[in-house]
1. Report the residue count in the range 34-66 for those that are surrounded by fewer than 16 Cβ atoms within 10 Å (Cβ to Cβ), among the β-branched types (Val, Ile, Thr) and modelled with pLDDT of 80 or more.
2. Is it the case, given these coordinates, that ILE80 is surrounded by 14 or more Cβ atoms within 10 Å (Cβ to Cβ) and at pLDDT 90 or above?
3. Out of all the residues in the range 102-111, is one or more at pLDDT below 90, surrounded by 14 or more Cβ atoms within 10 Å (Cβ to Cβ) and assigned to a helix (DSSP H, G or I)?
4. Which of the residues belonging to the range 83-101 are crowded, with 17+ Cβ neighbours inside 10 Å, farther than 13 Å from GLY13 by Cβ and small (Gly, Ala, Ser)?
5. Out of all the residues in the range 101-114, which are under 17 Å from LEU18 (Cβ atoms) and hydrophobic (A, V, I, L, M, F, W, C)?
6. Could you tell me whether ILE14 is without any contact (Cβ under 8 Å) to a residue 24 or more places away in the chain, among the β-branched types (Val, Ile, Thr) and part of a helix (DSSP H, G or I)?
Amino acid sequence: MKRTTERVLTWIGIALQLIAVIILAVFIPMFGNSELKDTFINQMMQEEASVTYEDANAFFSTLSGLVTAGLVIGIVILIIALIAAFLIGKKAKVAGVLLIIAGVISLLGNWINAVLWIVAGIMLLVRKPKAPIYSKDNDEDVNPYIKDGSQVKEHNNSFVLSEEQKENEKEAIKDEYTKSDEENKYKY
């Protein structure tokens, strides 16, 4: 079954998540820079007179920890979504569950990805594959368009006859009319 819609939604979410992870990864080294930290703390203290150096330092440390945790969680979510993306064609149900898990976890940070992944996950779980035209039954190919050894046209259910079958059909019709002519010849 083609899962194009689910694949597109999943890969758009993965691309957006990758961008978010890259942005967070760029910000992490900035939090380790002592000059940036001092500038941030001094600016906080100037804007808000009631903020002490310890409060601003604690806020900056908390912010740094949140960005680091966000990066780790973002990478984990990205890995889960990548695994699900590669499983879409093979194991749709597993991929759907993984995408829903990634979407629910992602709701806290990147809700666009969350919506994309949850929709794709639900579609993977709900959509049923179409019944195959050709299925295996007792090690024989069963074609619903073949009746009594003759192929049936799909669009109008008429038989497709081989040349031999056509000749046999002509002979049968000819014999039938010949018999009926001989029987009816004496009735009039």
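1. So the count comes out to 3.
2. Values: surrounded by 14 or more Cβ atoms within 10 Å (Cβ to Cβ): yes; at pLDDT 90 or above: yes.
So ILE80 fits the description; yes.
3. Checked the range 102-111: no residue is at pLDDT below 90, surrounded by 14 or more Cβ atoms within 10 Å (Cβ to Cβ) and assigned to a helix (DSSP H, G or I).
4. ALA92, GLY96
5. So in the range 101-114, the residues under 17 Å from LEU18 (Cβ atoms) come out as 102-103, 105-106, 109-114.
Selection gives ALA102, ILE105, TRP111, ILE112, ALA114.
6. Details: without any contact (Cβ under 8 Å) to a residue 24 or more places away in the chain: no; among the β-branched types (Val, Ile, Thr): yes; part of a helix (DSSP H, G or I): yes.
So ILE14 fails the test.
The values are calculated or read from the model by the stated rules, or taken from the named source; none is laboratory data. Note that this is a predicted model, so its numbers are computed, not measured. Heads up, the Cβs are rebuilt from the backbone with ideal geometry, glycines too, and the neighbour counts pull from every protein chain shown.
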